[in-house]
Amino acid sequence: MAIEASAHHIGKADNRWSAHIRATLSLGIPLIGAQLAQVGIHTTDTVIVGQLGAVPLAAMVLAGQFFFVLFVFGSGFSIAVVPMVAQAYGRGDGVSVRRSLRMGMWVALGFSLLVMPLFMNATPVLLALGQQPDVASLAAGYLRIAFFGLPAGLLFYVLRSMVSAIGRAGIVLYVTLATLTLNGVLAYCLVLGHFGFPALGMKGAAIVAVISQWTSFFLLVAYVQTREETRQYELFVRFWRPDWRALGEVLYLGLPISVTIIAEVGFFSASSLLMGKIGTLELAAHGIALQLASIAFMIPLGLSQAATVRVGVAHGRGDYAELVRASIVAIAIGVILSLIYGLVFAVIPGPLAGIFLNPETPNAAQVLTIAVPLIIVGGFFQLMDGLQAIFSGLLRGLKDARIPMIMALIAYWPIGMLSGWALAFPLGFGGVGIWFGFLIGLASAALMMCLRFVILLKKEMRAAGV
């Protein structure tokens, strides 16, 4: 078959260090850029809706968190497709590439249907979580519309695995940037009512979100269907035909990845509850420092995705020399980048916090004073956060997800959260104590995943007689 012949044209990899650096950066930079652009989309929506007033802004933040938690849980199954496709591509198995992608899309659609009742009945859910009725009502109205963009977002993540595996990740960045531009223009028009469009407020923001998600997906589909290199996989031919083995593997790998992501998201979300117990100003400062850390995390996150692909392809080839060098290069680049932006956090915390504060508002100076030490601690934990993300990506490249899930749960909760609570309250360090809890939890995760990767890789190399 043509698909098999083409897949076997991969050939032996160039194993020079310079070639690995180029390959990692050419794959990692577009994925990092796409992650940052995705953050830009959410930031744009929040800024525009913020023009409507405090209640709509609060509703937007609430709805955004609701959507985000369910989306990232569902994205674990889409992320599971990445090593499946990378390994199949590496061994020249075009049929498995197609089957993994199709079953990944099946799971994305199935998950969307499964969580649909939560979106359609968001009001009682939000009220049960103690939210104000007016804010909950606005947020629920947004979510009932925004839900229809969820399947497109998850399908987009599945297709990303194909173009990343074949070294065409640049299209992911271009599509995300195009979506960022479209989202900003449409939100400006439909939310605020400019250029003759009706001012639809929160409803307009939800409509724009759906349009943006489906535009991203269809642009990537258009790319896949118009390039011979990707069209040969015939992703949508007999789409209804199941492959139970591939479907089972998506679920088997995807569930622990989803739980791992939620464990980390929950770790940081729960910290906000702890900070709120200290005081309102502390919570505001915490929010600023956490936003900066979240933006910075997009860099190791994109690099982690690149590491999964690079290791997955090498593992599929059975080329352990390539796999080892690809891993070392990903780790080294991650360490260098983490040190750079960690140093920026530690050196200029005040100006960074000032971006989020209007000095004319009451308590701005106090919030700034509280935020500075948090950002400095954040600078130190950037290295740990970057390392745990990259080692997690390397392990996914080996299709190892269940043990890393257990490690993440232990590192973030019994170690990280308990340490943060103890430092903040019984030991009296306050908000800085919570952030040192982040540092301890992330360092624990990085160490455990590093040891897991080394042990697993040595075991596989011995089994292969390398």
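Relative contact order of the stretch 127-275, taken over Cα pairs closer than 8 Å and 6 or more residues apart, is 24 percent. Between the residues ALA140, GLY167, ALA263, the greatest Cα displacement towards the positive end of the dipole of the chain, with unit charges on the Cβ of Lys, Arg, Asp and Glu, is found for GLY167. For GLU234, the solvent-accessible surface computed with a 1.4 Å probe is close to 80 Å², ligands and nucleic acids excluded. Extension gain for ALA321 to ASP134 (0.36 nm times residue separation, less C-alpha to C-alpha distance): 61.4 nm. By definition, a body whose alpha carbon gyration tensor gives a ≥ b ≥ c is oblate when a/c is 1.5 or more and a/b is not larger than b/c, and the stretch 25-156 fits this oblate description.
Anisotropy class assigned to the stretch 244-310 is oblate, per the alpha carbon gyration tensor with a/c at or over the 1.5 cut-off and a/b no larger than b/c. With the simple spin-label model, which puts each label point 7 Å out from Cα in the Cβ direction, the LEU177 to PHE239 separation comes to 2.9 nm. Given a 1.4 Å probe and the protein chains as shown, GLU322 ends up with an accessible area of around 10 Å². Of LEU52, LEU301, LEU31, the order by accessible heavy-atom surface (1.4 Å probe, DNA, RNA and ligands excluded), from most exposed downward, is LEU52, LEU301, LEU31.
At a probe radius of 1.4 angstrom, the accessible area of the chain per residue rounds to 42 square angstrom. Other residues with beta-carbon under 13 Å from the beta-carbon of ALA169 carry, at +1 per Lys or Arg and -1 per Asp or Glu, a net charge of +3.
Our coupling estimate for the stretch 294-304, obtained by passing each phi through the Karplus curve with A = 6.51, B = -1.76, C = 1.60 and θ = phi - 60°, is 5, 5, 4, 5, 4, 5, x, 5, x, 5, 4 Hz, Gly and Pro reported as x. One quarter of the surface of the convex hull around the alpha-carbon atoms of the stretch 329-412 equals 6.9 nm², the direction-averaged projected area. In this structure, the amide hydrogen of PHE429, modeled 1.01 Å from its nitrogen in the peptide plane, lies closer than 5 angstrom to those of ALA424, counting only residues at least 5 positions away or on a different chain.
Sorting the Cα pairs of the chain by distance into bins of 10 Å, from 0 upward, gives 4, 19, 30, 28, 14, 4, 0 percent per bin. Could you work out [θ]222 nm for the chain from helices alone, using -39500 (n - 2.57) per DSSP H run of at least four and dividing by all its residues? Round to the nearest 500 deg cm²/dmol. Here the helix-only value at 222 nm equals -28500 deg cm²/dmol. Averaging sequence separations of C-alpha pairs under 8 Å and six or more residues apart, then dividing by the length of the chain, give the relative contact order as a whole percent. Worked out over the chain, it gives 20 percent.
Sequentially through the stretch 72-84, phi angles give Karplus couplings (6.51, -1.76, 1.60; θ = phi - 60°) of 5, 5, x, 5, x, 6, 5, 5, 4, 5, 4, x, 4 Hz, Gly and Pro residues having no value and appearing as x. With Cα atoms defining each centre, the stretch 406-466 and the stretch 235-278 are spaced 20 Å apart in the structure. Taken over the stretch 161-260, the alpha-carbon convex hull comes to 160 cubic angstrom per residue. All distinct Cα pairs of the stretch 239-389 go into the 1/r average, and the inverse of that average, the Kirkwood radius, is 18.0 Å.
For the stretch 208-248, the spread of Cα positions along the three principal axes, ordered from largest to smallest, is 37, 26, 14 Å. Accessible surface for CYS450 stands near 40 Å², nearest 10, in the context of the full protein assembly shown (1.4 Å probe).
Ranking ARG238, ARG245 from most to least accessible surface, computed with a 1.4 Å probe over the protein chains only, gives ARG245, ARG238. Share of carbon and sulfur in the accessible area of the chain stands at 71%, probe radius 1.4 Å. Computed packing ranks the peptides 79-89, 157-167, 119-129 as 79-89, 157-167, 119-129, most packed first, by mean other Cβ atoms within 10 Å.
The values are calculated or read from the model by the stated rules, or taken from the named source; none is laboratory data. Computed from a predicted model, the values in this text were never measured in an experiment. Note that each Cβ is placed from the backbone with ideal geometry, even for glycine, and that neighbours are counted across all protein chains shown. The accessibility values were calculated without ligands, DNA or RNA, using every heavy atom of the protein model including side chains. Shrake-Rupley method; radii C 1.70, N 1.55, O 1.52, S 1.80 Å.
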